[in-house]
């Protein structure tokens, strides 16, 4: 039942074309799967990842129609982490993102982590972290692009950051229920890690009081943690029943199997299996992300779904 690290981060965007440009053209990540929200097929669900769509590398986006802008507050996931291999790569991406006119901070230090922040067009906050002095993840397959040096490419997710109004309750969730360990406390900020202590196994929690965050464009929708298989998923269902914590039960997302719960108010946690993965009967590895992919139960409605979606300006669509 041990968590293996982050699986993916899912966010809400106001513009799928702009988010496609940010993640593929500026950040150099790969659109690994173009599909729809399985609970609201009027919205895209876009997955950006390493070259193979490995768990722990995905940032995904919904583009719900007519959604309001977020209202910032506490008890939320407020910052997405991305990881690059070195300090040299960190400096490269800071300059690159600045050249595209996005708001970028100076390079900062928190405990043993070196990073900078930046914001997208929805004021969603990101941080890029150097992995220079940290453990490497196995099986990293950075995406190759024409204009980003391969040795600088983004390799995976990095630490994810929460705001919490009740630090004791959050600590109880992370340490008692999810298996994280508090590794550093700095004033009103706690840094947690899973036992492997890799950058994509860390959560940073900062205390913040006031009104609770209201989701909208520019928000993180949920965080997903990797688990091995369906056996682990069923064990987590049993554990949540014992806590007790309300949950979704087993959910088949076709590309992985999931379980959702709100162990802490305002934050949606997902447990997601490592497989089956993004290669399926519709797309081989070379075709991943080039066409609208649908799970089998939605395929009879393909024409209706496609006609209701805003076209994406992908080079493959020309």
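Since every read-out is calculated from the coordinates, none of them should be taken as a lab result. Every value quoted in this text rests on a predicted model; they were computed, and no experiment measured them. Methodologically, a virtual Cβ is constructed for each residue, glycine included, from the backbone with ideal geometry; neighbour enumeration extends over all protein chains shown.
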Find, to one decimal place in angstroms, the Kirkwood hydrodynamic radius of region 180-237, where the mean of 1/r is taken over every pair of different Cα atoms and then inverted. 14.2 Å
Among 159, 300, 276, the residue with the largest mean-square fluctuation in a Gaussian network model of the chain built from Cα contacts under 10 Å is 300
Which value in deg cm²/dmol, rounded to the nearest 500, describes the helix-derived mean residue ellipticity at 222 nm for the chain, given -39,500 (n - 2.57) per DSSP H run of n ≥ 4 and division by the residue count? -3500 deg cm²/dmol
Kirkwood Rh, region 227-283, all Cα pairs: how many Å? 11.9 Å
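Step by step: find N for the chain, compute 2.2 N^0.38 Å, then divide the Cα radius of gyration by it. What's the final number?
Here the Cα radius of gyration is 0.95 times the empirical estimate.
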Could you work out the equivalent-ellipsoid semi-axes for region 199-318, taking the square root of 5 times each eigenvalue of the Cα gyration tensor, largest first, in whole Å? 31, 21, 15
Could you give the distance between the Cα centres of region 185-219 and region 36-60, to the whole Å? 22 Å
Taking N as the number of residues in region 16-148, what is its Cα Rg relative to 2.2 N^0.38 Å? 1.09
Bridge orientation stat for the chain from DSSP, antiparallel percent rounded to 5, came to 70 percent
Protection-proxy order for peptides 113-124, 143-154, 75-86, each taking the mean of Cβ atoms within 10 Å per residue, highest first: 75-86, 113-124, 143-154
Which residue, 32, 243, 204, tops the fluctuation ranking in a GNM of the chain built on C-alpha contacts under 10 Å? 243
Volume of the Cα convex hull of region 80-159, divided per residue and given in Å³: 95 Å³
Beyond 24 Å, how much of the Cα-Cα pair distribution for region 124-267 remains, as a whole percent? 43 percent
